[in-house]
Amino acid sequence: MILGYLPQAIYTMRTGNTDGISMTGFLMMLVGSIGFFTQGLILGNIPLWVTNAITSVSSLIVLVIKIRNDRGRR
């Protein structure tokens, strides 16, 4: 999970380019990561909540930049 979304977050932060990013896809990814993060906390599974915390933050960063870029184009 981390290897799939952290590079996108880094690229997006460096370039600010969000043209090819699906808002719906990253929103769903964020919701899913938060769910798994919560499950990890409830079960006391440290690797589960740590990896999903990182994935959630990565997805949130991309979403915030995407929202900002989309609003700037209007």
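Rule-based calculations on the coordinates, nothing more; no lab input. This is a predicted model, so every value here is computed, not measured. All Cβ positions, even for glycine, are placed from backbone atoms using ideal geometry, and neighbour counts span all protein chains on display.
Details
- With the charge dipole of the chain set up from +1 on Lys and Arg Cβ and -1 on Asp and Glu Cβ about the Cα centre, the Cα lying farthest toward the positive end among the listed residues 41, 57, 13 is that of 13.
- Only Cα pairs under 8 Å and 6+ residues apart enter the sum, and on that basis the relative contact order of the chain stands at 46 percent.
- Note on the chain: the alpha carbon radius of gyration divided by the globular reference 2.2 N^0.38 Å gives 1.16.
- Angle between the chain longest axis and helix 23-43 axis [Cα atoms, degrees, rounded to 10]: 20
- On the beta carbon distance between residue 46 and residue 70, with R0 = 25 Å, the FRET formula returns roughly 0.10.
- Working ranking of peptides 44-52, 58-66, 19-27 by packing, defined as the average number of other Cβ atoms within 10 Å per residue, highest first, is 58-66, 44-52, 19-27.
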